[in-house]
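Data first, discussion second: the structure below is written as structure tokens.
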Amino acid sequence: MSFPLNPSQREAVRHVGSPLLVLAGAGSGKTRVITAKIAHLVEKGASPASIAAITFTNKAAKEMAERSRDLLAKQGAGAGAGGARGPAISTFHALGLAIVRAEAAELGLRAGFSVLDPGDLEPIVAELVATADRARARAAQWQVSRWKNALVSPAAALAAAASADELAAARAYAQYADTLAAYQAVDFDDLIALPVALFERDAEARARWQRRYSHVLVDEYQDTNPAQYRLFRHLVGEATPFTVVGDDDQAIYGWRGATLDNLAQLPRDYPDLKVIKLEQNYRSTVRILRSANAVIAKNPKLYEKKLWSELGLGDTLRVAPAADEEGEAEMVVGRLCAHRFEKRTRHADYAILYRGNHQARAFETVLRARGVPYEISGGQSMFDRTEIRDIVAYLRVIANEDDDPAFVRAATTPRRGVGAATLARLSEIGAARKTSLFGAAFEPEFAAAVPQRQREAIDEFCALVNRLRHRAPKEPAARLLNELVAAIGYEDWLVATLDKRDAAERARSVADFVGWLGRKGETDGRNLLELTQMVALVTRLDDRDAETADAVRLSTLHAAKGLEFPHVFMVGVEEGILPHREAVDAGNVDEERRLMYVGITRAQESLQLSYCRTRKRAGEKVDVAPSRFIGELAQEDVRYADAPLAPDDAAREKASGAARLKSLKASLAR
DNA sequence: TAGAGATTAGTTTTT
DNA sequence: CTAATCTCTA
């Protein structure tokens, strides 16, 4: 994309006099405008470090940082060179973390505070709502998060609670803050909510942060939630100019508390707001765009906007049915391979996009069987991996001795003879002495309460933690990490407890993680304690090899936002999946339609949508209907593939009969 | 306390 | 039909 900027883009880049909202349609060169604007501001004399650009994902932040670094370097004049600090480009949460870290003392936190992810929080909430039911615990956790994102206080939540479940969640919410405070821990939502609270009670802190930035840019503005909008408003204050870029048609994070109200509210909060629309699409063919426009036309509009393209009419869209998920995977991968062979394209030119992570499985199986290289983006975070959580637990106790959940995990992994009984003793001592589990091990009654074997194991564990804690500020993180993994005998334990393949895989993932974190420490000049906090916000290691590899991308629609591919396969385009059933029940079809729109607009040259006629659910085949959104495409641009042949139906009948028989037997057994 | 087998629930997106 | 959690025995 080395075309010159078009007139609207240029206007957006050069406008500096007042707050600016750029309504950037899909593929309209939005990232380019943001990076060009950063370069423009620097050219006009702003210091790069005084420019803040805020994104939602680490991936977007990284891409923006790279592109603006290149641009500033090209601009020359030493702007990006010689150790001068670049623009502050980060996610909302990373920015929040930086603020909480800088203002920790004001917020009643010690420097080593822990950042807990939802997985750490689930058992805490489960205890607070007194349930063993995971689903209930998650629902409560979810509710608490929504309140925080909407800046609803525990008292307000308690007052407004409408159902028994909500009341229980509100009660948990009230105690939740105390529990986290005892652990010296914050959750993801706190990274936004705590800075907001600080700025609202402390004008001086607010002024300090406002002075820091001469211009603030926000990417994907339509995905901000009320807490984030408030934080943004405090950062820009009355005087700091800003540029926010967004597209109401691509708002797909309502479930995370994002609200289009923030887009509607902006002109009211900033009467001199300038609005610029980017409507020329540089990505897709006319046929693809026509369908995108047709689908999104069914939604209510905040700002009228119509994408157009000069890239030619292009191929028709294809809609193809499959018998079931295996059939769909076979069909899609088969077609992909044939297409690739015929057009002499690269694997990396193709993407398979789906609504939910679990849908990837069938495609992985077929791709692997055929030896087609693929990369899964998004998907489960590397912190859902036990081995990573194990290592991170150690890091958290090292950084923060009050982090009881981390203590429990680290002290019992690898097994060192410490179990529930010992932990219960420690917990009693801790409660009596008002100290953490770690602290309890140093209380006088510890010796009497715990048998010698366990005592020695705990002592040894605590000594290791203390040793590393003292060395952490001074020594390179990489060395300490390697020492830690060796000292706890983690790999030996893996080999001893798992079969060969699993042990090797986990050992490799630990090695990857430790290597990555060590390098990160070097490049960012951060010690082990600082790295520990940022690690919770990272969902995947940035891996250059994976990004540049010639491989088919598998991705959720959410994770695909911002990306583009010459050839896209949207799969599982079915009622119940896209739109998702829960969303339909909750009356959120508009957001599902935007998700459909996001999927369509990822495609540059060709697009195939497919759906299954039946799908396995809890072992049994269930009939499913094609998505209503298929009927909303521009029908003159769509070709419908033939129905599958009769033998498939026969096979389906047989399979479904067998499944029914089996479930009948199962119910008789009960 | 630790590992092997039984059991039972699973239906969405992510910092 | 999985996959993760739970229970039971050594």
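The values are calculated or read from the model by the stated rules, or taken from the named source; none is laboratory data. All values derive from a computational prediction rather than experimental measurement. Note that we place each Cβ from the backbone using ideal geometry, even for glycine, and neighbour counts take in every protein chain shown.
Looking only at the range A:321-363, filter to residues that are within 15 Å of DNA strand B (Cβ to nearest atom), in a helix (DSSP H, G or I) and not polar (S, T, N, Q); which one of those is surrounded by the fewest Cβ atoms within 10 Å (Cβ to Cβ)? The residue in question is A:HIS358.
The selection criterion, being at pLDDT 90 or above, surrounded by fewer than 16 Cβ atoms within 10 Å (Cβ to Cβ) and either farther than 21 Å from A:LEU557 by Cα or within 14 Å of DNA strand B (Cβ to nearest atom) (or both), does not hold for A:GLU574.
Every residue in the range A:38-59 that is closer than 30 Å to A:HIS558 by Cα and at pLDDT 90 or above, please. The answer is A:ILE38, A:ALA39, A:ILE51, A:ALA52, A:ALA53, A:ILE54, A:THR55, A:PHE56. Scanning the range A:125-134 for residues that are more than 15 Å from A:ALA164 (Cβ to Cβ) and within 15 Å of DNA strand B (Cβ to nearest atom) returns A:VAL125, A:ALA126, A:ALA132, A:ARG134.
Among residues of the range A:614-635 that are part of a loop (DSSP other than H, G, I, E, B), those with a Cβ under 6 angstrom from a residue that is away from DNA strand B (no atom under 13 Å from the Cβ) and of a type in the set (D, E, K, R), sequence gap 6+ or separate chain, pair up as A:ALA634/A:ARG290. Does A:ARG501 satisfy the condition of being more than 23 Å from A:LEU464 (Cα to Cα), free of Cβ contacts under 8 Å to residues at least 60 places away in the same chain and of a type outside the set (Ser, Thr, Tyr)? The answer is yes for A:ARG501. With respect to A:LEU607, determine if the residue is more than 24 Å from A:LEU336 (Cβ to Cβ) and crowded, with 23+ Cβ neighbours inside 10 Å. No.
crowded, with 19+ Cβ neighbours inside 10 Å, under 21 Å from the mean Cα position of the chain (by Cα) and closer than 22 Å to A:PRO118 by Cα: does that describe A:VAL392? The answer is yes for A:VAL392. Checked across the range A:580-602, the condition of being within 16 Å of DNA strand C (Cβ to nearest atom) and among the hydroxyl-bearing types (Ser, Thr, Tyr) holds for no residue. Just so you know, in the range A:582-613 the residues that are within 9 Å of DNA strand B (Cβ to nearest atom) and in a loop (DSSP other than H, G, I, E, B) include one that is nearest to A:THR345 (Cα to Cα), and it is A:ASN588. Among the residues examined, A:GLU582 does not qualify as over 30 Å from A:HIS339 (Cβ atoms), touching a helix residue (DSSP H, G or I) at 6+ places or on another chain (Cβ under 6 Å) and without any contact (Cβ under 8 Å) to a residue 40 or more places away in the chain. The set of residues in the range A:177-187 that are buried (at least 22 other Cβ atoms within 10 Å of the Cβ) and more than 12 Å from A:LEU109 (Cα to Cα) contains only A:ASP187. One residue stands out among those in the range A:137-170 that are in contact with an Asp or Glu (Cβ under 7 Å, 6 or more places away or on another chain) and surrounded by fewer than 19 Cβ atoms within 10 Å (Cβ to Cβ): the one that is nearest to A:GLU122 (Cα to Cα), which is A:ARG138. Where residues in the range A:261-282 are under 25 Å from the mean Cα position of the chain (by Cα) and surrounded by 19 or more Cβ atoms within 10 Å (Cβ to Cβ), which of them is farthest from DNA strand B (Cβ to nearest atom)? The qualifying residue farthest from DNA strand B (Cβ to nearest atom) is A:LEU263. Here A:ARG206, A:ARG233, A:ARG211 are screened, and the one residue that is among the charged types (D, E, K, R) and more than 14 Å from A:ALA52 (Cα to Cα) is A:ARG206. What about A:PRO414, is it under 18 Å from A:LEU528 (Cα atoms), outside any helix (DSSP H, G or I) and touching a Leu at 6+ places or on another chain (Cβ under 9 Å)? No, not satisfied. Within the range A:329-338, the presence of at least one residue that is within 16 Å of DNA strand C (Cβ to nearest atom), touching a residue at least 24 places away in the same chain (Cβ under 8 Å) and at negative phi is confirmed.
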